[in-house]
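Everything below concerns the one structure shown next.
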Amino acid sequence: MKLNDWTADAKCKGMDTNIFFPLKGSSHKVDEMVRNICHGCPVLEQCLDDALSTYHQIGYRAGLSAKQRRSMLLRQKRESAA
């Protein structure tokens, strides 16, 4: 997978990816840790756009779990259909 130019400026660059892909289901502790990493990231918007356009069913992207991203996509779909 080719990295996008924006990833060079991500706060998470160089971090252990296991943080964003926990082995077991999400916990409040993991959610909070990821949100803290992503908070204030200069490329958060690009990360979210990429996460929503290349939907992955696992892991955290842009500070959101796969479940949260799925809900966001469904909400966007409903709003555009209205």
Filtered residues of the stretch 44-80 (kept if aliphatic (A, V, I, L, M), loosely packed, with under 14 Cβ neighbours inside 10 Å and in contact (Cβ under 8 Å) with a residue 24 or more places away in the chain) | Ile58
Of those in the stretch 1-30 that are modelled with pLDDT under 85 and part of a helix (DSSP H, G or I), the residue surrounded by the fewest Cβ atoms within 10 Å (Cβ to Cβ) is His28
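The values are calculated or read from the model by the stated rules, or taken from the named source; none is laboratory data. Because the structure is a prediction, the values reported are computed rather than measured. Cβ coordinates were reconstructed from backbone atoms using ideal geometry, including for glycine residues, and neighbour counts include every protein chain displayed.
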